[in-house]
Structure formats: structure tokens, C-alpha cells
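Written below as C-alpha cells is the structure these notes are about.
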Amino acid sequence: MDRDTGGSPIGDGDTGRTGDTGGGPGERRDRWAEVTGARDASGRYAEEYAARFARLAAEGHDPHGEARFCDALLARGSRVLDAGCGTGRVAARLAELGHACTGVDVDPAMLAVARRTAPGPDWHLGDLVALDAVGLTPGYDLAVAAGNVIPLLAPGTEGAVIGQIARLLRPGGLLVVGMGLTPEHLPLEEAPFGVEEYDEWCATAGLERHVRYATWEGDPFDPDAGYAVSVHARPAEPLLPEHL
């Protein structure tokens, strides 16, 4: 499944999905599970996904637009959380660039590929809506959710996931999220939400919008753009009411 990142030559299929993918009675089923189908196909998909990126890189395409974007925001040796890391492509590249990287994903097959191909980062199996259960140490300089991690979460969990991630950032830390805004940039028939709702979830989590682009290459954002790369920051000082 290809996921257009709105300007990068290669899309990111990292999952970061939340909830049980079994779909039993009363279980929360995420949008990614609806896209990929049965759980027993996960291992095959993970291998095919990793092979696709390796093949495209061998053909001369640049698979590291997201990592390059994040690296430009960081001092060398920064702590980075890849939320919904999938097979670890973004975290692995950032580790190669000298950052201390942690990747979290709920898909064990994806993580198996990450651990085999990139032993540098610290990989964790976990649900993004329950990051506190993973036992990560707060103080990350940057958290990234590349591809369409947020739009493919279980409906109704988006704000909780953003809140979990925000609490792991240091004061002044950044949240970088890429997501499709139209079906052309999503493996869905329609976008589940827009940038307005996303900004509201970030504000509720105590994050301030820093900048937004239309691509990982930094093209200016347009309201009619099909893709958004958003950078939000945890304030270095506590937010004060407007009347103070």
C-alpha cells in the first residue's frame, strides 16, 4: 500500500495504529487495520513494505525526506521518538545522522523488520494511545509521526495519542506530523479530519503551532493542498491565560 507523502518521492507506510486489529465485538478497530485486512497478513506486508523501499532506494530515489526534514530542526545528538515507526526507516536514518532514537509501533511484524535491519535505535512494541505503558523516559527533543500515522489511528483516539506524545516532549520539544488531507494522499476514501481538528487536538495537549508546509521538502502550505507537514512545539514556559 503506497501512501503519498505529498512531495517526497516515496510515501511512508509506517503504521502507529492503535487498538486491537482483530475486530471482535466491542473492540476498537483502527483505520489501518481496515486498510490492510487480516492480522495474519501483517508479516508478509512488513517484508514487502521494507523490500519496496530498498528497491526504490536502489533505483536512485531518496527515501529519507522525512528524516532530513527532522534533522534540520535538531542539534546533533538529540533524543527522537518515532511514533508509529513501522519498519523503522525514519528512526534508522536519524540514528545514522547521530541522534538517539526510539521507535514505537503496535505491529510486531513491522518491529521485527526494524530490529533486524536497524539495530541502532531502541525499538518498543506498544500502542500509541497507551504510551505511558511502554515505559519511555520523557524529555524527547522531537517526536515524529511520518506517513499517515495520525489519520490511520482508531477513530476517536487521535487527541489521546497526541496528548501521550506531547507529555514525552521536553519543554521546547517539537512534534512533527505528516498527513494526507485528500484521498489522493491517503489509503482511505476520504480524509477523516483536517488540519483544523488536528490543531485543536494539539492545543488541548498544550502544543503551539510553529510552522506548516505542504511537503517534506518545505513547500509553502496552501489550504487546498493535499498534504500537510505540521510542526508544533511544547512551550518552553508554561502557557498563561491571555488576561495575565
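The values are calculated or read from the model by the stated rules, or taken from the named source; none is laboratory data. Predicted, not measured: the structure shown is a model, and the values here were computed from it. Cβ: placed from backbone, ideal geometry, glycine included. Neighbour counts: every protein chain shown.
Only a single criterion out of (1) closer than 28 Å to GLU208 by Cβ; (2) of a type outside the set (A, V, I, L, M); (3) surrounded by 22 or more Cβ atoms within 10 Å (Cβ to Cβ) is not satisfied by GLY139, namely (3). Just one of the listed residues (ALA75, ALA46, ALA50, ALA33) is among the hydrophobic types (A, V, I, L, M, F, W, C) and either surrounded by fewer than 16 Cβ atoms within 10 Å (Cβ to Cβ) or modelled with pLDDT of 60 or more (or both), and it is ALA75.
I need the full set of residues from segment 155-175 which are in contact (Cβ under 8 Å) with a residue 60 or more places away in the chain, surrounded by 24 or more Cβ atoms within 10 Å (Cβ to Cβ) and within 14 Å of the chain's Cα centre (by Cα), in order please. Selection gives VAL161, ILE165.
Tally time: how many residues in segment 78-96 are at pLDDT 95 or above and among the β-branched types (Val, Ile, Thr)? Total satisfying the criteria: 2.
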